[in-house]
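Since every read-out is calculated from the coordinates, none of them should be taken as a lab result. Bear in mind that the values here come from a model prediction, so they are computed numbers and not experimental data. In this analysis, Cβ positions are derived from the backbone assuming ideal geometry, glycine residues included, and neighbour counts consider all displayed protein chains.
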Amino acid sequence: MSNFDNVGKLMYLPLEKIDSEIDFTESEFILEAAVESVIKANGRNWIPLIVQEIDNGYQLISNPFVYAVMLRANLGKVWAIVIDPDPKNIDQAKILSREITPKINLSIASRSSIQAGLKFLQDGGDLKGVDPLKAINRIEEADRTTWKDFTPITKLSCGITKAKIAPLDKIFYLEPIAPVVIPEPPKKVSIKKATRDEIFERLNYLHIYKIGGFNKIDSDQTTNTILNAYKAKWTSLNPLLELDCGIDTDKLKEVKKLFTK
């Protein structure tokens, strides 16, 4: 956190007190036209600089184009917003000013985020020849939580080969999440005698910890279906397969660990 008092303020600062280490280039035409527009606006920059406080003044964080224009215009003061120099704040400022391209954590990215990212790369001429739908489906289905680089994508048969993974670094990054510690499961109960709470507790356990694909099942709806089924003549748990409640053969194996007939 900043040790200074002006965080969040819009301030009219002496330009000479603002230091910049941001590399910036622009055509003479654009700079001169921008200078003229500032002069016509009585020397006021309606888009402020983004700065952070330092011991002897301020340091430019974002909007280097505006800074270059104000220097060219030989103006004594400029409007600037002072921000807390937390790296997340600095990244946000640069993203919003389009100075850097935002990145998505592919380790936990949703389908829509993956889709948007791949479309951005394809629109820019990268990933030519890649079927976007196939790539989205394969990447979404993969367990990306422990990936350390993008190499596993080349093994998904999704069209993104070793020669094509380099562009992914433009908009994706990987930040593996810590493995979830799964607690001991609830004790087994008879599915015939179980209360609604007991059924829901066990199905929700499977759902929360994404066991056996139960994360894709609505625990409430499945609980109601099982609770309302006529179970008096059940001699096993196999009739669950006929309830149209999302439980298939593979999921039934997990159910048998938590329920008896």
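Let me confirm something: among 242, 198, which residue is acidic (Asp, Glu), buried (at least 17 other Cβ atoms within 10 Å of the Cβ) and more than 25 Å from residue 107 (Cβ to Cβ)?
So the residue among 242, 198 that is acidic (Asp, Glu), buried (at least 17 other Cβ atoms within 10 Å of the Cβ) and more than 25 Å from residue 107 (Cβ to Cβ) is 198.
Counting only residues that are within 30 Å of residue 148 (Cα to Cα), give me the helices (runs of 4 or more DSSP H) lying completely in the range 1-108 with at least 1 of them.
87-96
If you take the residues of the range 55-78 that are among the β-branched types (Val, Ile, Thr) and closer than 22 Å to residue 5 by Cα, which of them is surrounded by the most Cβ atoms within 10 Å (Cβ to Cβ)?
Within the range 55-78, the match that is surrounded by the most Cβ atoms within 10 Å (Cβ to Cβ) is 78.
Here is a check on your reading of the model: is residue 138 touching a Cys at 6+ places or on another chain (Cβ under 9 Å) and surrounded by 15 or more Cβ atoms within 10 Å (Cβ to Cβ)?
The answer is yes for residue 138.
What tally of residues in the range 142-174 results from selecting those that are loosely packed, with under 11 Cβ neighbours inside 10 Å and under 14 Å from residue 109 (Cβ atoms)?
1
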